[in-house]
Each structure stands twice: as structure tokens, then as C-alpha cells.
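*Asks:* There's a structure below that I have some questions on.
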Amino acid sequence: MRISTVRPTNPLTCERREPIIAEHYSPAVTATLYLGDRLDLLQEIPNEAAQLIVTSPPYNIGKQYENRLDFISYLRQQKDTLRECVRILSSEGSLCWQVGNHIARDGEIFPLDIFIYRICKKLGLTLRNRIIWCFEHGLHCRRRFSGRYETILWFTKSNNYVFNLDSVRVPQKYPGKKYFKGNKIGQYSCHPLGKNPGDVWSIPNVKHNHVEKTIHPCQFPVELVERLVLALTNPHDLVVDPYIGVGTSACAALLHGRRAAGADNLSKYLEIARERVTLAVEGQLRRRPLGRPIYQPGPRDRIAKRPPEWGDAVNPHPNLFA
Ligand SMILES: C[S@@+](CC[C@H](N)C(=O)[O-])C[C@H]1O[C@@H](n2cnc3c(N)ncnc32)[C@H](O)[C@@H]1O
């Protein structure tokens, strides 16, 4: 086994003597970054070793990193991956499959979560949430409404699962609200640690001006995975991403003192994953912090103003553009 010489400086990991990054799985390693097929990595991981499996698989839409298959063959491949994931998932563990649409050549859309749900249900998993991840930017469609959300299917293996809600609470809109009737009248009605974040998550996707952008065309934002890591795992637990790309899931895991393992079959992505994981361990990874409010342009923001030369002659809703 070739092992990276990266040495930890993060207080969460610096007391350990084991290597930080390795190419093959071992329970002693903090991050496994496996170059090759996801099934080959998964086969190295023992039964029930992973607390969280989180991934965004290829959507079979002809991206540079995938061979477009007929839809049935694609689903069969997903089933092979999911079956192995269920085997390595701990009985208190969670599996989060983040997907959008497969788009056929004639433009028909196939929401992948509908198909993945059926596979996971047959594999014995239980759905806990269908989280809507919404974002404002992306391709502008001409023959349908532009896609501005994807979903995360969160499944558990049993009814006895880890869910650390207090680690991911968000500020309330009205924290000073009080009960106005009943035996708690006059007391604050909100939870002092904040509210449950709900199942609609507004988190910017990684586009060109995002601080986390690399050469990968479809990266997760770190904060999306961080929320899952914090809620669904405990320190030192193992987080696995079978399609790890540039290592976002591993970064989110290591930033919070968890272990990680992931595979990608393209070395150009895995090299970046290694760099990002090293930066995460050293506390140097540039990232959008979890919970930062989404930027809203101010009245003085020049590019947020409608150019005067456009006028409003062809505009069917002038009030919207006032
Ligand atoms: C949607 S991307 C995941 C990106 C990742 N979430 C990130 O933040 O970087 C899917 C990844 O799966 C990889 N991939 C495709 N087929 C694979 C296979 N059979 N085994 C391992 N990785 C594969 C692709 O190279 C691609 O990087």
C-alpha cells in the first residue's frame, strides 16, 4: 500500500500516529482516496463499517466523466453500487443519495430519486427525508422551466439511527416569540439552540465564482455535506462516498473529526481531492462557511440594475422590473 506522507496539524487528528491519506481502506487511516471503480473500494470495506454513505452519483447525462448508458443499464449499475453500500452501512447508519434528473436525448426528464427510491426500498432501507436542495443559478432552459433544485434521499438501515439535531439547528426568524395562551403563557416558545433546518435547503451550488470551484463540473458545496455529517455521524465515524470526485465529502468529514473513504475513476479529480483533504486537515481549505446567508445585491450594486437602454417597452410585467 502506498501511503501519503501528509502529516496532520489539525488538533482533531494530530495526536494520532496513523497516516492521514492512503490509497486503500484500513480502519487506521483517516482518509482513503481510492483511484478506480467504486465497487473495488467498497469491497475493501468490512460489513457495517460506515456510519454515513453520502454521494452524488453520475446522472448518465453525458458529462465528461461518464459513458452514457441506456437508462436500464444505468439503473442496474446504481443498484450494484447501492447493494454494496447497504452491506457496509452500520445498523445505526444513514445513506444519502443526492440526485437530479437524467435527461434523455429527446429532452424527456427522469427524476432519478423516483427510481433510486424503489431500489433502496427493495434493499430494505427506510426513507427519513426527501430533502430539496435549491439554488438560484444554472443553465437557462428554453423548452422547460430551468431546473433549480435537486434532491437528497436520506435513508436509514434501521429505526435506531443517529440524528444529532442540536448540531445543525439554525436561527429562528422570531426567537423572541412567546406562548400567548396555555400553561406556558409568557415563556419563550422557541428552542434556545435554534430551529430544525427543515427539508428545503437553500445552499448556493458551486459555479464559477464560488470559492470552492475546481475543474470538476459537478461538485458538492462543502456545507451541504457538512450538515449531513454533523447530523448523522459522531466523531471518528467513517463517512464513505463511492463517487467522490474532488473529495468534497471527505473534506466535510475531516473538518469535523470523522474518517472518510471514497473512490473516483479519474486521477485528475483524485489528485485535487488529495490536495483539498490535506488543506482541510491543516485548517486551510477555502470554503463557504456553513450557515452563511445567501448574498443579496444592494441598491448600489451596478450589475444588479436593469440597463436603462433596455427600457421597458417589451416587458409584459413592468412592475417586476421597477
Ligand atoms: C457527480 S460527480 C461527484 C462529484 C463530487 N460530489 C464532488 O463534490 O466532487 C460523480 C463522480 O463519479 C466519478 N465516477 C463515475 N463512474 C465511476 C465509477 N464507476 N467508480 C468511481 N467513480 C466514478 C466521476 O469521475 C465523477 O467525478
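Throughout, read-outs are computed from the coordinates displayed, never taken from laboratory work. Please read all numbers here as calculations on a predicted model, not as lab measurements. With ideal geometry, Cβ positions are generated from the backbone for all residues, glycine too; neighbour counts draw on all protein chains shown.
*Asks:* Under a point spin-label approximation (7 Å from Cα along Cα-to-Cβ), what is the residue 77-residue 296 distance to one decimal in nm?
*Replies:* For the pair residue 77/residue 296, the computed spacing is 4.3 nm.
*Asks:* Please compute the contact order of the chain in relative form: average sequence separation of alpha-carbon pairs under 8 Å and at least six residues apart, divided by the residue count, as a percent.
*Replies:* On the way: 597 pairs, mean separation 63.0, N = 322.
Relative contact order here is 20 percent.
*Asks:* Rounded to the nearest 0.05, what FRET efficiency is calculated for residue 114 and residue 185 with R0 set to 45 Å and r the Cβ-Cβ distance?
*Replies:* Approximately 0.45, to the nearest 0.05.
*Asks:* I'd like the trypsin sites (Lys or Arg not before Pro) in segment 41-138 restricted to DSSP loop residues with at most 15 other Cβ atoms within 10 Å, sorted by number.
*Replies:* 63, 68, 105
*Asks:* What are the lysines whose alpha-carbon lies under 29 Å from the alpha-carbon of residue 79, with same-chain residues fewer than 8 places away excluded?
*Replies:* 63, 121, 122, 157, 268
*Asks:* Subtract the Cα-Cα distance of residue 160 and residue 103 from 0.36 nm times their separation in residues, and report this length gain in nm to one decimal. Working shown, then result.
*Replies:* Working: separation 57, 0.36 × 57 = 20.52 nm, distance 3.66 nm.
My answer for the length gained is 16.9 nm.
*Asks:* Return the ratio Rg/(2.2 N^0.38 Å) for the chain, where Rg is computed over Cα atoms only. Write out the running numbers ahead of the final one.
*Replies:* Numbers: Rg = 21.7 Å, N = 322, 2.2 N^0.38 = 19.7 Å.
Dividing the Cα Rg of the chain by 2.2 N^0.38 Å gives 1.10.
*Asks:* Sticking with this structure for a sec: Any idea what the alpha-carbon Rg over 2.2 N^0.38 Å comes to for segment 101-157?
*Replies:* After normalising by residue count via 2.2 N^0.38 Å, the value is 1.34.
*Asks:* For a label point 7 angstrom out from the Cα of residue 122 toward its Cβ, which stretches of segment 32-46 have the backbone nitrogen within less than 20 Å?
*Replies:* 39
*Asks:* Could I ask something else about it? Per residue of segment 293-308, what does 6.51 cos²θ - 1.76 cosθ + 1.60 with θ = phi - 60° give for ³J(HN,Hα)? Whole Hz please, x for Gly and Pro, Karplus curve as stated.
*Replies:* Running phi through 6.51 cos²θ - 1.76 cosθ + 1.60 with θ = phi - 60° gives x, 6, 4, 10, x, x, x, 8, 6, 4, 6, 8, 8, 5, x, x Hz.
*Asks:* Rounded to a whole number of µm²/s, how large is the Stokes-Einstein D of segment 183-322 at 37 °C and 0.692 mPa s, given Rh as the Kirkwood radius over C-alpha pairs?
*Replies:* Estimated via Stokes-Einstein, D reaches 179 µm²/s.
*Asks:* Next up: Per DSSP H run of n ≥ 4, the term is -39500 (n - 2.57); total these for the chain, divide by its residue number, and report the mean residue ellipticity at 222 nm rounded to 500 deg cm²/dmol.
*Replies:* -6500 deg cm²/dmol
*Asks:* If you don't mind, there's one more thing I want to ask. How would you rank 163, 115, 220, going from fewest to most other Cβ atoms within 10 Å of each one's own Cβ?
*Replies:* By the 10 Å Cβ count, ascending: 163, 115, 220.
*Asks:* Please give the contour-minus-distance gain from residue 305 to residue 143: 0.36 nm per residue of separation, less the Cα-Cα distance, rounded to one decimal in nm.
*Replies:* Numbers: separation 162, 0.36 × 162 = 58.32 nm, distance 2.70 nm.
The span from residue 305 to residue 143 would gain 55.6 nm if fully extended.
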